[in-house]
Ligand SMILES: C[S@@+](CC[C@H](N)C(=O)[O-])C[C@H]1O[C@@H](n2cnc3c(N)ncnc32)[C@H](O)[C@@H]1O
Ligand code: SF4
């Protein structure tokens, strides 16, 4: 019998102090509210319990508390949730939590660590006040620096920083200076996202002036070289790990593993009895608290090859037929024609039953993905990591 896929847990916290003009993650601008958070955390526990049968006895390898701004939630409330799920976590389970530097101090961060959070992801975005202002962030550069120092003082040894580039008014020197500051800290991970203008956001409706293509290219070229010189390995579109310390949680999405998704706007995916099922919780915190949380629905098998590739091609390295067959329950033949075509386009190297994306293929990712689309008209290509809000680190992207 095949060993089951690894399972992870995504928890969505849907509140922020205010909405950043570039952000299309689901969140309501409501600020901190302890009584609301206690009600929400109770609903999370209840929903977690009702999802347990999908695990079939598996323990979670990783947990990700994303948002929104989970650091608005008091440490004891986060602790209550972690204690509740603890019996279902594997030994050494990675527990990541996102934090916004405008909402943290040392004591609070220490509280999260004591509550069980083992990996902190700080939404720094930039260490330049001009950039933070252009992004509508609630914190200053000094607060961003302090948040990193507080996290280190609080005892976190596994820290990710989210940094964005290609920002309005940013030149290559400014982008590099953000990376220099980030890499001066003993962090394990960096998510380096190019700003994308998303439909339905303020920036999407009123696009700011972005750096020209030559500058964007220079930012990337210098940035990638600098990160490599600091020992950061690029293992995904926008994720960089030092000393091999990757984000296990995001890797599980990209490997097409299983995950439960709880909270308003969260989605989950489970492979059971040869079928892939998905559930998307409505983007409505009140509905979530009242128990209206959506149903699992089968993903039609003709859509699976595309979904698999959308996730799996984000990670660099070899992909074997057995891995595809195990994660999808489908024979390798369902992607062979697409791979052969991608190979003719020099986008993929195909050797027998193993394949990998080429450097050219990375640039042509949308064209490659199109080869795996079914005839069904419902598909849209959006290969950002969290098109279904699995976790924040990792977009096309944003990420860990
Ligand atoms: C849910 S947020 C992170 C945590 C927290 N809410 C915060 O902002 O500090 C996830 C990350 O996605 C990135 N991000 C969000 N919108 C983006 C966009 N339009 N383009 C590029 N990166 C984006 C940011 O780096 C952000 O930190
Ligand atoms: S970027 Fe973070 S803080 Fe800003 S609106 Fe999105 S989730 Fe909230």
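What follows draws every value from the coordinates through simple rules; no lab data is involved. Here the structure is a predicted model, which is why all the values come from computation and not from measurement. FYI the Cβ positions are ideal-geometry reconstructions off the backbone, even for glycines, and counts take in every protein chain you see.
Averaged over residues, the count of other Cβ atoms within 10 Å places the peptides 314-321, 232-239 in the sequence 232-239, 314-321, highest first.
The separation of segment 330-357 from segment 154-200, counted between C-alpha centres, amounts to 34 Å.
Note on residue 133 and residue 367: with the Förster distance fixed at 35 Å, the Cβ-Cβ geometry gives a FRET efficiency of about 0.40. If R₀ is 25 angstrom, what is the calculated FRET efficiency for the pair residue 221 and residue 356, using the beta carbon separation as r and rounding to 0.05? Calculated value: 0.65. The peptide list 291-297, 190-196, 329-335, 132-138, put in order of mean Cβ contacts within 10 Å with the highest first, becomes 190-196, 132-138, 329-335, 291-297.
Averaging 1/r over each pair of different alpha-carbon atoms in segment 300-375 and inverting the result gives 12.1 Å, the Kirkwood hydrodynamic radius. Helical content of the chain, expressed as a calculated mean residue ellipticity at 222 nm, amounts to -10500 deg cm²/dmol (DSSP H runs of 4 or more residues, -39,500 (n - 2.57) each, divided by residue number, nearest 500). Between residue 106 and residue 90, the modelled labels are 3.6 nm apart [label points 7 Å from Cα along Cα→Cβ]. Note on segment 1-28 and segment 64-137: Cα centroid distance 13 Å, given to the nearest whole angstrom.
Report the extension gain between residue 336 and residue 157 in nm, rounded to one decimal, defined as 0.36 nm multiplied by the number of residues separating them, less their alpha carbon distance.
Working: separation 179, 0.36 × 179 = 64.44 nm, distance 4.27 nm.
My answer for the length gained is 60.2 nm.
Computed log10 I(q)/I(0) for segment 1-53 at 0.26 Å⁻¹: -1.07, from the Debye equation with unit scatterers placed on every C-alpha and solvent omitted.
May I ask for the Rg/Rh ratio of the chain, computed from Cα atoms with Rh as the Kirkwood radius, given to two decimals?
Rg/Rh: 0.95.
From most to least packed by mean Cβ count within 10 Å, the peptides 204-210, 40-46 give 40-46, 204-210.
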